[in-house]
Amino acid sequence: MAPKTVLITGCSSGIGLALAVRLARDKQRRFQVIATMRNVGRSAALAAAAGPALGRTLEIKQLDVCDEGSIRACLDSIPGRHVDVLVSNAGVGMVGPLESQSLAAMQSLMDTNFFGLVRLVKEVLPDMKRRRGGHIVVISSIMGLQGIVFNDIYSASKFAVEGFCESLVVQALRFNVAISLVEPGPVVTEFETKLYEEAERADYSRTDPETAKIFTDLYLRNSRDVFASLGQTPEDIAEHTLRVIEAARPPFRHQTNVAYTPMAALKHADPSGALVTDAFYKLVFKYDAVLRFGLRAIRLLRWKSRKVKEGVRLLGFK
């Protein structure tokens with residue numbers, strides 16, 4: 001069987017890089033990977049990680065999801081414009097008090113995170129429908145299911161992504177085209193690290209002192225614990241995404257972190273929204289010390305689990 005052509009956006013680092021390398025180095029050679037990025041000048045890390053797969057099962061191309069011409073040029077360079085699997089991964093983040101963020105920055109984020117996906121789908125879907133086959137995989141977020149304090153605009157972009165895909169999936173199925181949303185929680189990447197470092201240095205003079213204090217003293221401190229305790233690696237997300245891609249019947253939604261399943265379930269348990277709102281309010285403002293203690297306990301348990309697995313491997317057991 002011929003390898004599937006997989007086009008991935010946002011491959012200069014993080015999840016996109018890890019997924020491109022994982023598919024390109026697949027032992028069964030099931031995939032021909034087209035790894036794209038807005039600035040190919042930042043392709044050195046991907047090229048190094050791909051190793052001998054570069055030029056064989058992996059090709060690097062320029063693609064800017066905010067530029068329709070760039071998207072078309074990339075697809076035109078692919079024989080027959082044939083894409084079996086599109087992985088929409090390119091995205092940007094934003095965190096902080098709403099009053100401290102400019103409308104221009106918000107619009108730019110939506111242009112990348114939401115309209116970038118729309119542009120890609122508009123370009124590949126017609127051919128997939130004509131062939132009656134294809135798979136569109138979208139790297140979404142748990143914040144597309146549940147809004148998180150101080151992530152207002154980022155969460156809004158992921159809600160838009162989820163609504164777009166949920167509306168489109170029924171029509172796509174009629175043409176034997178699958179759509180899948182991969183929904184990670186916190187992922188420890190250069191993208192996230194830089195975002196939170198910038199947040200710690202930012203100017204919050206445009207918001208009131210109480211809100212600024214809540215963000216810097218509560219949110220940022222708790223976020224560090226959340227990432228340290230519950231964060232996954234890009235390689236973890238790549239493995240989850242591979243399972244979605246290779247599934248005989250791809251799921252519409254796939255959450256990568258079981259710790260966040262109760263959060264999503266809590267929202268649906270009470271259609272009024274009171275239950276989940278009250279739970280989050282208490283976690284943030286009343287029981288934040290309990291939250292931090294629980295997160296640090298989880299981090300310790302995960303550390304011990306890793307040590308046990310390392311010991312098993314050193315002893316020669318699988």
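Determine, from the Cβ-Cβ distance of THR277 and SER102 and an R0 of 22 Å, the FRET efficiency 1/(1 + (r/R0)^6), rounded to the nearest 0.05.
It comes to 0.20.
Using a simple spin-label model with pseudo-atoms 7 Å out from Cα toward Cβ, THR216 and ALA2 lie 5.9 nm apart. Shape descriptor for region 136-227: Rg over Rh equals 1.10 (Cα atoms; Rh from the Kirkwood inverse mean 1/r).
Taking 0.36 nm per residue of separation and subtracting the Cα-Cα distance, full extension of the segment from ASN176 to ALA47 would add 43.0 nm.
Which of CYS11, TYR219, PRO251 sits closest to the plus end of the dipole of region 4-269, meaning its Cα is farthest towards the positive end, when Lys and Arg get +1 and Asp and Glu get -1 on the C-beta? Projecting each Cα onto the dipole axis, the largest value belongs to PRO251. In sequence order, region 64-77 has phi-based couplings of 10, 5, 8, 10, 4, x, 5, 5, 5, 4, 5, 5, 5, 7 Hz under the Karplus curve 6.51 cos²θ - 1.76 cosθ + 1.60, θ = phi - 60°, and Gly or Pro positions carry x. When only the Cβ of Lys, Arg, Asp and Glu is charged (+1, +1, -1, -1), the dipole of the chain relative to its Cα centre reaches about 1560 debye.
Available extension along the chain between GLU68 and GLU235 is 57.1 nm, counting 0.36 nm per residue and deducting the alpha carbon span. Pairs of lysine residues in region 4-269 that meet both criteria, 8 or more places apart or on different chains and Cα atoms under 18 Å apart, total 4.
Helix 116-131 and the long axis of the chain differ in direction by around 40°, with both axes built from C-alpha atoms.
Every number here is computed from the coordinates shown, using simple stated rules; none is lab data. Bear in mind the structure is a predicted one, so any value in this text is a computation, not a measurement. Here Cβ is always computed from backbone atoms with ideal geometry, including for glycine, and neighbour counts include all displayed protein chains.
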